[in-house]
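Okay, so here's the structure we're looking at.
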Amino acid sequence: MPNLLKSFRNSVKHWYIPLILGILFILFGIYVFSSPLETYLALSVLFSVSFIVSGLFDIFFSLNNTKFLNGWGWYLITGLLSLAMGIYLVTYPKISMTILPFIVGFTVMFRSFQLLGISFDLKEAHILRWGNLAVFSILGIILSFMLLANPIFSGISLVVLTGLSFIFVGAASVVLAFNLKKLKNYPNKLSSELKERIETLQNEINDKMK
């Protein structure tokens, strides 16, 4: 109940940031998916750029929603991790093929866990389509584990795994953005009478907890 009431009283700021990131990840995943294995290492530059950009966006989004979004801490940690990975790749552009999949895998895995955690926050806020976000997040986690387990999954192309990982994480971010937009619009859909009832219920809950 506190999460739901918090959603009614506040508006999520910059809900479109996960949408922008999601589209970028999907486009980047498609590009990686279509690249031959021998150019995978050359893509480390693009990996670094994508991680730095997504990290900065996540940090900005989290710091602007500390009072409005229960899962803002996930975004801050993920943003710092992505930024650190991006800077590392910029510093060491000639990183070996052995190390690169682990960097990509860990970053995608953590971002997927972040989105999965936020999906449960949305469930508590009674957002009906939270399950779509959870499904895409779980798929991202599975693919990231497959990347980390390479070469156990050597029968599956490294490029394919990386491309699909980015696509599923991007799809999860897009779903999250539209769920946050729906959360943002909730206060406008509530009548003043219903808002008063919610506030009254909140006060009753607070009184019982004292």
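The values are calculated or read from the model by the stated rules, or taken from the named source; none is laboratory data. Because the structure is a prediction, the values reported are computed rather than measured. Don't worry about glycine lacking a Cβ; one is built from the backbone with ideal geometry, like all the others, and counts go over all protein chains shown.
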**OP:** Mind counting the residues in the range 21-41 that are over 23 Å from the mean Cα position of the chain (by Cα), assigned to a helix (DSSP H, G or I) and in contact (Cβ under 8 Å) with a residue 40 or more places away in the chain?
**Re:** 2
Subject >> Some residue of the range 33-49 being touching a Phe, Trp or Tyr at 6+ places or on another chain (Cβ under 6 Å) and at pLDDT below 85 >> reply: no
Subject >> Residue match in the range 83-100 (condition: more than 20 Å from the chain's Cα centre (by Cα), modelled with pLDDT of 75 or more, part of a loop (DSSP other than H, G, I, E, B) and small (Gly, Ala, Ser)) >> reply: no
Original post:
Which one of Phe51, Phe57 is farther than 18 Å from Phe168 by Cβ and touching a residue at least 40 places away in the same chain (Cβ under 8 Å)?
Top reply: Phe57
